Structures are given as structure tokens and as C-alpha cells.
Amino acid sequence: MCQCLRRLCSSTTMKSLLLIVASCLLSGLASADEDRQGLIGESLIFSTPSDTNHVLLTPSRDMDLKNFTLCLRVNTESPRQHVLFSYATQSSPSELLLKREDETTVSLTVSGVKIPFLVRSSQLSSWVHVCARRDMMAKQVILHINGRPSVRKALEPSNPIKPGGKVVLGQEQGRVGGGFQQEKCLVGEIADVHLWDHILTTSTIRAISMGDPIYRGNVIDWLTVKHTIKGQVKSLRTTSVN
């Protein structure tokens, strides 16, 4: 009698455990596209080429930007073209676009106007801190790689960034929220995405590149940003990025 009861309890326990495991797995799958808040100490992993893997970010205020500073960290082994940051509106799918074109070129597109920057391939190995800033009054843009500024380049016409669009990491938007192309996707890691509605100084950008946690974006703040992960992108604890 006791032996039968033990078998029954053991069987019931096993069934309960299986149900719990199944429930957890289904819950994880169901929550893949749910809105999440903040990425404290985390990076986003884009492990395979895809036309679906991307992450949507929700800015904390309207993307109505005259001046701006955009910073992020990226780690990839791929020298081919890939998009890091894409902001698209109905009237302009390339309203704000930060993209690696090839081994030695990073481009910044503002209101549909593309500006290429030449960089040394050695600067784009392992974790790289990239910042782009635009001075609308001076009609200039500058790219910073690991805290070091490029030459200043003219941007004309110099129009404000329009609000009402969507921010996507890892894909170039052919239309708002879609129109992705696998050949332009990011394969690698991205972290510490911050966007300000003003121009940061060179010394501040250098401090951020060295890991100073004081400076956080007032339009997009990696530590608090609302985001939605799509496809096979994973969020994991960040390894050393400095």
C-alpha cells in the first residue's frame, strides 16, 4: 500500500514539474515580443543574418531634434555593411541612420542626406564606441570613434529631425517599422545606446567612451528605454566593453 502511494506521489510530482517547465517555455516564447523596460548592464545579441531580427526602441520624448548627439557601442566580426541605428518617418525612411558601409567607412544620414566618414579598420575591431553629433546652426556633423573626433563635415540642407517615426536597432527601415533587408542587418552585439537633444562636448564624449556612467541620454536612455525585441535577438549581461 505504502509503495503504491509513493509511486503515485512520484508520478504526480513529475507531471507537475513537466507542466511547470512547459509553462515557463511557453511563457518565454509568448513574451518575446512584449514591451520591456531598460537594459541595465545588458547588450543585445544579433547572432545570425536575418530580415526579421531587430529591436524597437521607444524614445522618452518626441524625436523633434535640431541638434543631437547619438552614442552607442557595437562589437562585430563582420566587415560588410550593416545598420546600427535607424529612425524612419512616413516621409523619410532614412531620417536618422547610422551605418557601417564597409571595412573603413561609417556613414551618418540625416533627413535623407548621407555623410560618409573614413575610419581605420583597426578602430572598428572588438567593442567600438561610436558617437555622431549634429550642429544644425553650423550645418556640421562629426563622428567620434572611441572618443576621438573626425574632421567636421558640412551637412546641407540642415533640417530638423521630424517626429512621429520609429527607432530600430540592427536593421535599415525601407518603410516605417519594416522593409528590412538581410544584407544590411547587424550580426554582432550592441549596447549603451543613448540619444540627446543637444550637442555633447568632445571631453564628455571621451568620458562616455571610457565608461563614465554619469551621462545618460534624455531622448533615449539605455538604462530605462522601453523596447521590444523581435526575432531571434537576445539580451544578455554585457561583458567588458572598455
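The set of residues in segment 163-173 being surrounded by 15 or more Cβ atoms within 10 Å (Cβ to Cβ) and either more than 14 Å from Asn53 (Cβ to Cβ) or within 12 Å of the chain's Cα centre (by Cα) (or both) consists of Gly165, Lys166, Val167, Val168, Leu169, Gly170, Gln171, Glu172.
Looking at the structure I just gave you, is Glu77 part of a loop (DSSP other than H, G, I, E, B), free of Cβ contacts under 8 Å to residues at least 60 places away in the same chain and over 14 Å from the mean Cα position of the chain (by Cα)? Criteria not met by Glu77. The strands (runs of 3 or more DSSP E) found entirely in segment 89-163 that carry 2 or more residues being basic (Lys, Arg) are 96-102, 127-135.
Consider segment 200-220 and keep the residues that are surrounded by fewer than 13 Cβ atoms within 10 Å (Cβ to Cβ) and in a loop (DSSP other than H, G, I, E, B). The one that is modelled with the lowest pLDDT is Pro213.
The set of residues in segment 221-235 that are surrounded by 15 or more Cβ atoms within 10 Å (Cβ to Cβ), of a type in the set (Val, Ile, Thr) and part of a loop (DSSP other than H, G, I, E, B) comprises Val225, Val233. Among the residues of segment 60-77, those identified as in contact with a strand residue (DSSP E or B) (Cβ under 9 Å, 6 or more places away or on another chain) and of a type in the set (Asp, Glu) are Asp64, Glu77.
In segment 60-82, the qualifying residues are those that are buried (at least 21 other Cβ atoms within 10 Å of the Cβ) and either closer than 12 Å to Leu186 by Cα or among the polar types (S, T, N, Q) (or both), and the one that is modelled with the highest pLDDT is Thr69. When residues in segment 168-199 are screened for being touching a Cys at 6+ places or on another chain (Cβ under 7 Å) and not in a strand (DSSP E or B), 2 of them pass.
Exactly one residue among Phe85, Phe117 is of a type in the set (Phe, Trp, Tyr), modelled with pLDDT of 95 or more and over 19 Å from Gly217 (Cα atoms), and that residue is Phe117. Comparison of Leu57, Leu44 shows that the only residue that is more than 19 Å from Lys162 (Cα to Cα), at pLDDT 95 or above and outside any helix (DSSP H, G or I) is Leu44.
Give the residue, chosen from Ser126, Ser150, Ser158, Ser122, that is crowded, with 18+ Cβ neighbours inside 10 Å and among the polar types (S, T, N, Q).
Result: Ser158 is the single residue among Ser126, Ser150, Ser158, Ser122 that is crowded, with 18+ Cβ neighbours inside 10 Å and among the polar types (S, T, N, Q).
Only residues that are free of Cβ contacts under 8 Å to residues at least 60 places away in the same chain and more than 30 Å from Pro49 (Cα to Cα) were counted in segment 174-205, giving 4.
The values are calculated or read from the model by the stated rules, or taken from the named source; none is laboratory data. Since this is a predicted model, take the numbers as computed values, not measurements. Every residue, glycine among them, receives a Cβ derived from its backbone with ideal geometry; neighbour counts consider all protein chains shown.
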